[in-house]
Amino acid sequence: MIAHIDMDAFFAKCEELRNPEIKGKPVVICVYTRGKTSGAVSTSNYRARELGIESAMPLSEARKKATDETVFLPVDHDYYRQKSKEVISILRDFSPEIQKTSIDEAYFRLETEQLEKAEEIQEKVRKLGLTASIGIAPNKFLAKMCSEEDKPDGLRTLEEDEVEDFLSGREVGELHGVGDRTSEKLEEIGIEKVDSLRKANASILVEKFGRSKAASLKNRALGKGSTSLESDRQKQISKIKTMGRNSKNLEYIKMELEKVADLLIERVERKNKAFQKVGLIAIDTDLETHTRSRSLKTSDSVQEILENAEELLEDLMEKQSPEIRRIGLRVSKLVDRESQTSLRVFGN
Ligand code: TTP
Ligand code: MG
């Protein structure tokens, strides 16, 4: 079984923890843009949500809904990251395999005594002064949906034989991973409910979405999904591509390298990582692999990857001058990067 943990009103709870005097009041965490006059709501505690103040709302609107006792505070990512680490370290005592997916969410594997372990985790989180909701299910996307079911401080488990009931009657948009655009497109072909998606004609889905997306939609409706965790202890991220043509020409290879770097940095960003080592991988026309690497100060910059990789490439070409067929890049010694959540309020 896979478990998913999602902290409740995370940033707001963190602030309540260090400012006990605001506990019980509506609390709004803000990302300010110009001075303190404009910005957006990062999150709000449950009291503020009762007033209708929610994530991503413009501050001007939030202020209109606020009562006199409502507290507005600026985001402090460093502090929340610290608390996030404390939560993850609780999980480590219960699970060998953890995939952190954001500052307040993680998947983890629970092989035995799932319910007891989840309760213990929640208890330990409460002792930190925070609360978490946990979902336990046969795969990741169901676990994620379960963790949202009984928020806050909720615990929901779903057995294999309950999956169909759990999903049936829901709108397709309630399936984790099915966004507004996909829901709209499904509606265009007359599919609004999970039940109709489950029974939908495969060829119509393929025509509308392409083979791979159609399959993934169908699987979601059937409650099937991935159980593999990309452990956050992942050691490296790499990307390699076959060049347009085999070459010994430095400028040409550098051009291909830039494309690889663009793809690599996307992965690095998606995983919210920074790195301390850059490596070059070159496979020549005899299929021999050449590697070079270099340590650096913590970085998350594509420019830095490229500058270092180009020097490594120059060195390789100068010394061995192989005819290159495939070129790749690797970053390793990964560390967690600053959270990107503050950007999400602006829809990025
Ligand atoms: P969420 O887990 O979506 O929200 P939450 O933890 O505040 O509340 P819930 O109890 O519903 O889980 O996001 C985690 C943190 O990410 C949240 O505390 C603040 C931040 N965040 C933003 O900065 N912008 C956003 O648009 C959202 C949704 C979250
Ligand atoms: Mg949360």
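The values are calculated or read from the model by the stated rules, or taken from the named source; none is laboratory data. As the structure is a prediction and not an experimental result, all values here were calculated from the model. Neighbour counts are summed over all protein chains in view; Cβ atoms, including those assigned to glycine, are modelled from backbone coordinates with ideal geometry. Please note that ligands, DNA and RNA were not included when accessible areas were found on the heavy atoms of the full protein model with its side chains. Shrake-Rupley method; radii C 1.70, N 1.55, O 1.52, S 1.80 Å.
With +1 on the Cβ of every Lys and Arg and -1 on the Cβ of every Asp and Glu, and nothing else charged, how large is the dipole of segment 158-298 about its Cα centre, in debye rounded to the nearest 20?
1000 debye
What does the helix-only formula give at 222 nm for the chain: each DSSP H stretch with n ≥ 4 adding -39500 (n - 2.57), the total divided by the residues, and the result rounded to the nearest 500 deg cm²/dmol? Can you show the working numbers first?
Values: 14 runs with 143 residues, N = 348.
The helix-only estimate for the chain comes to -12000 deg cm²/dmol at 222 nm.
Quote the charge dipole size of the chain about the Cα centre in Debye, to the nearest 20; the model charges only the Cβ of Lys and Arg (+1) and of Asp and Glu (-1). The partial results should precede the final answer.
Working: 60 positive and 64 negative charges, 154 e Å.
Here the chain has a charge dipole of around 740 debye.
Which of the peptides 171-181, 218-228 is most tightly packed, and how do the rest follow, judged by the mean count of other Cβ atoms within 10 Å per residue? Present the calculation step by step, with values, prior to reporting the outcome.
Working: 171-181: 14.9, 218-228: 17.7.
Descending packing order for the listed peptides: 218-228, 171-181.
State the percentage of accessible surface on the chain attributable to carbon and sulfur atoms; use a 1.4 Å probe and exclude ligands, DNA and RNA.
Values: 7770 of 17650 Å².
On the chain, the fraction of accessible area on carbon and sulfur atoms equals 44 percent.
With the contact rule set at Cα under 8 Å and sequence spacing of 6 or more, what percent relative contact order holds for segment 234-317? Walk me through the intermediate numbers first.
Details: 78 pairs, mean separation 24.7, N = 84.
Relative contact order here is 29 percent.
Quick check: convex hull over the Cα atoms of the chain, volume per residue in Å³, rounded to an integer? Provide the component values of the computation, followed by the final result.
Numbers: hull volume 63.0 nm³, N = 348.
It comes to 181 Å³ per residue, whole-number rounded.
In the chain, which whole DSSP H runs stretch at least 15 Å along their own axis (Cα) and average -1.0 or higher on the Kyte-Doolittle scale? Please report the intermediate quantities before stating the final value.
On the way: long enough: 77-92 (22 Å, -1.11); 114-127 (20 Å, -1.64); 211-221 (16 Å, -1.15); 250-270 (30 Å, -0.13); 302-319 (25 Å, -0.43).
Span-like helices, by this rule, are 250-270, 302-319.
How large is the translational diffusion coefficient of segment 221-268 in µm² per second when you combine the Kirkwood radius over alpha carbon pairs with Stokes-Einstein at 10 °C and 1.306 mPa s?
Working: Rh = 13.7 Å.
Rounded, D is 116 µm²/s.
Could you grab the relative contact order for the chain? Cα pairs under 8 Å, six or more apart, rounded to a whole percent.
Values: 617 pairs, mean separation 55.0, N = 348.
Value for the chain: 16 percent.
Amide H to amide H, which residues 5 or more places from G154 or on other chains are under 5 Å from it, using H placed in the peptide plane?
Here the answer is S133, I134, since their amide H atoms fall under 5 Å of that of G154.
Measuring from centroid to centroid over Cα atoms, what is the spacing of segment 108-187 and segment 20-54 in Å?
26 Å
May I ask you to give the solvent-accessible area per residue for the chain, in square angstrom, as obtained with a 1.4 angstrom probe?
Values: 17650 Å² over 348 residues.
I get 51 Å² per residue for the chain.
Just need the relative contact order of segment 206-348 here, percent rounded to a whole number, with Cα pairs under 8 Å and 6+ apart. The partial results should precede the final answer.
Numbers: 203 pairs, mean separation 48.4, N = 143.
34 percent.
Kindly sort Y252, Y80 by accessible area of their heavy atoms, largest first, with the probe set to 1.4 Å.
Final ranking, largest accessible area leading: Y252, Y80.
Taking the Cα centre as origin and putting +1 on Lys and Arg beta-carbons and -1 on Asp and Glu beta-carbons, what dipole magnitude results for segment 90-234, to the nearest 20 debye? Mind dumping the intermediate values first?
Numbers: 24 positive and 31 negative charges, 139 e Å.
Dipole size: approximately 660 debye.
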